[in-house]
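Participant: This is the structure I have questions about; it appears just below.
The values are calculated or read from the model by the stated rules, or taken from the named source; none is laboratory data. Being a predicted model, the structure only gives us computed values, none of them experimental. Reconstructed Cβ throughout: ideal geometry from the backbone, glycine too, with neighbour counts over all protein chains shown. Ligands, DNA and RNA are excluded from the accessible area calculation, which covers all protein heavy atoms including side chains. Shrake-Rupley method; radii C 1.70, N 1.55, O 1.52, S 1.80 Å.
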Amino acid sequence: MKTYPLESISLKQAKEFQFKMVDAITKTFSGKESLSRGDLGVVPGLNKPKTTWKAEQAIARFFDAEAAMLVRGSGTGAIRYALFATTKPNGKLLVHSAPIYSTTETSIRMLGLVPIMADFNDPEMIKQVMQENPDIEAALIQYTRQVPEDHYDIKEVIETIKAQKEIPIVTDDNYAVMKVSKIGSECGADLSCFSTFKLQGPEGIGCIVGKKKYIDALIKEHYSGGSQTQGWEAMEVLRGLVSAPVALAIQAEVNEELLQRIQELPQVKDAFLANAQSKVLIVEFHEPIAQKVLERAEKLGALPNPVGAESKYEIAPMFYRVSGTFIKSDPSRKDSMIRINPNRNGADTIVSILKQALESEEACS
């Protein structure tokens, strides 16, 4: 199978990201504030903790954006808020002609939006669909691949859409932030959305980065005290953003090593890197033994499922089924393929687990 994984930043670039994030923090917080866990509640004039407000400034500074906002509901909540800010009920939303991520599909339905599909791999198709639907009022682009065959460049898609009509563009940057050189807002999108839990941060906190006019409108709507990201959570977000780039760059290096070593195993038909949704190693077997291999790998120490897709809790390697969108496009993949995410582990341990799982009588029976 031919796949087109996103190009990961190098370890050198990752270190530069870490240093830039810390620099943004020092330009926003005093030393004493950096050592604190922050304040709580709705501060008069801000209607949110001062620490959260400052953390949002640091994040905007890092991404060279006009503004940033931390929200509850993780990446899903961030996308939902961003779509709410840029669309109206019954409005037409341009999306890629591939299975939509399930929680995003729910958000589209909740907001009463009408998805209009175009193949983002084909710029001419984008132009044609937009010409046929001049009332499209916004677009949503998922940064990572929705199906293995996807190969579109997000910057090119954004530029193609904007050249046809100046509409707000929201990007789903989950599984891409701190792995790629630029996120959606840095490529011309109006709002970028992602989960900080996937970046070593706290559970349930999402982030929106981009145009101030949309974020200001969301802040007005986001009034409830119970909806605010508390100061200690905002500080955990920042600490995660500092540590994530280097950890993810090391993970990318391990993936490259695994690709070569796993292809040498006799039970393996093929192996390739893919963004599904994280950038992971997909292993295809000659026989339909995927489920048995997964059961055995868990007993050998591999994680049987994600917690937050590369969250701070996911240390051991994960051996898991391929993503729901991959299975939806070809149901046979459930029994013939698995995905491996190294997380914080090295290649030797992962190869050892896979070999033992494959060689066990349970897996091969």
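Participant: Mind checking which residues of segment 124-159 are part of a loop (DSSP other than H, G, I, E, B), out of contact with any helix residue (DSSP H, G or I) (no Cβ under 6 Å at 6 or more places or on another chain) and either of a type in the set (Val, Ile, Thr) or free of Cβ contacts under 8 Å to residues at least 60 places away in the same chain (or both)?
Facilitator: Hits for segment 124-159 are ASN133, PRO134, ASP135, THR144, TYR152, ASP153.
Participant: Anything in segment 213-257 that is buried (at least 22 other Cβ atoms within 10 Å of the Cβ), touching a Leu at 6+ places or on another chain (Cβ under 8 Å) and under 15 Å from ARG72 (Cα atoms)? List them, or say none.
Facilitator: ILE215, THR229, GLY231, GLU233, ALA234, VAL237, listed by residue number.
Participant: I've got another one for you. Pull up segment 97-123, narrow it to residues that are out of contact with any helix residue (DSSP H, G or I) (no Cβ under 9 Å at 6 or more places or on another chain) and assigned to a helix (DSSP H, G or I), then point me to the one that is most open to solvent (accessible area, probe 1.4 Å).
Facilitator: That would be ARG109.
Participant: From (1) at pLDDT 95 or above; (2) under 18 Å from ILE208 (Cβ atoms); (3) not polar (S, T, N, Q), pick out the condition that doesn't hold for TYR101.
Facilitator: (1) is the only condition that TYR101 fails.
Participant: Now for a different question. Could you grab the pairs with beta carbons closer than 8 Å, sequence gap of 6+ or different chains, first residue in segment 249-266 and farther than 15 Å from LYS12 by Cα, second one at pLDDT below 95 and of a type in the set (D, E, K, R)?
Facilitator: Listed pairs, sorted by first residue: ASN255/LYS279; GLN263/ASP270.
Participant: Something else about it: Across segment 173-199, what is the number of residues that are touching a Leu at 6+ places or on another chain (Cβ under 7 Å) and either surrounded by fewer than 21 Cβ atoms within 10 Å (Cβ to Cβ) or outside any loop (DSSP other than H, G, I, E, B) (or both)?
Facilitator: Looking only at that region, the number is 2.
Participant: Could you give every pair whose Cβ atoms fall below 6 Å, whose first residue belongs to segment 23-39 and is open to solvent by 50 Å² or more (accessible area, probe 1.4 Å), and whose second residue is of a type in the set (Phe, Trp, Tyr), counting only separations of at least 6 or pairs across chains?
Facilitator: The qualifying pairs are ARG37/TRP232.
Participant: Would you confirm, using the coordinates I've provided, whether GLU7 is of a type in the set (Asp, Glu), more than 20 Å from the chain's Cα centre (by Cα) and either more than 23 Å from ILE205 (Cα to Cα) or open to solvent by 30 Å² or more (accessible area, probe 1.4 Å) (or both)?
Facilitator: no
Participant: For ALA139, are the conditions met, namely being at pLDDT 95 or above and open to solvent by 10 Å² or more (accessible area, probe 1.4 Å)?
Facilitator: Here the answer is no, as ALA139 does not meet what is asked.
Quick grid of which residues meet (1) open to solvent by less than 50 Å² (accessible area, probe 1.4 Å); (2) closer than 30 Å to LYS269 by Cα; (3) assigned to a loop (DSSP other than H, G, I, E, B):
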position: LYS15; (1), (2), (3): no, no, no
position: LYS48; (1), (2), (3): yes, no, yes
position: ALA60; (1), (2), (3): yes, no, no
position: VAL71; (1), (2), (3): yes, no, no
position: ARG80; (1), (2), (3): no, no, no
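Participant: While we're here: One residue is enough: does segment 51-58 have a residue meeting the conditions assigned to a loop (DSSP other than H, G, I, E, B), under 26 Å from the mean Cα position of the chain (by Cα), buried (at least 20 other Cβ atoms within 10 Å of the Cβ) and of a type in the set (S, T, N, Q)?
Facilitator: No, every residue in segment 51-58 fails to be assigned to a loop (DSSP other than H, G, I, E, B), under 26 Å from the mean Cα position of the chain (by Cα), buried (at least 20 other Cβ atoms within 10 Å of the Cβ) and of a type in the set (S, T, N, Q).
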